[in-house]
Each structure stands twice: as C-alpha cells, then as structure tokens.
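Worksheet for the structure shown next.
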Amino acid sequence: MSMEQWQLRFKKSPQMICGVAAEIAHRFSWSPLWTRVVWIGCCFAAPLLTAVAYLALAQFMPQRR
C-alpha cells in the first residue's frame, strides 16, 4: 500500500477504534490524520493519562451516525 493510500485511508476513515479522534476532528474542523498523529504522540508522552482520557471520551462523547 502506497503512502498516498494510507493517508487517504486515515483522512477518510470515520473511526479506527472508538471514533474519538474522528469525532474531535469533526467537531473542531481539523484533519482526522493530524488529530490521530497527536493522539499517538500523546500515547508516547503520557500513556496512562492518554488511555484514561481516550476511554472517558469514548464513553461520554456522543457518536455521529
């Protein structure tokens, strides 16, 4: 799979696991790709805090249908 195909997949995909990054990107009109990149960066910087925040957001954020 080429880099362009990967970028298109991450930009267009509405959700990867729980849809938290996609929903945040949608609410703030950000790129889903860069929102996911920031989430991954946060996972390396503070994994426990990021996991707790992700699970809390996944539980309480309304999901797009």
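Coordinate-derived values only; no laboratory data. What you see is a predicted model, and the numbers here were worked out from it, not measured in a lab. Cβ: placed from backbone, ideal geometry, glycine included. Neighbour counts: every protein chain shown.
Annotation: the residues 4, 23, sorted from fewest to most other C-beta atoms within 10 Å of their own C-beta, follow the order 4, 23.
Ordered by the count of other Cβ atoms within 10 Å of each Cβ, fewest first, 50, 35 give 50, 35.
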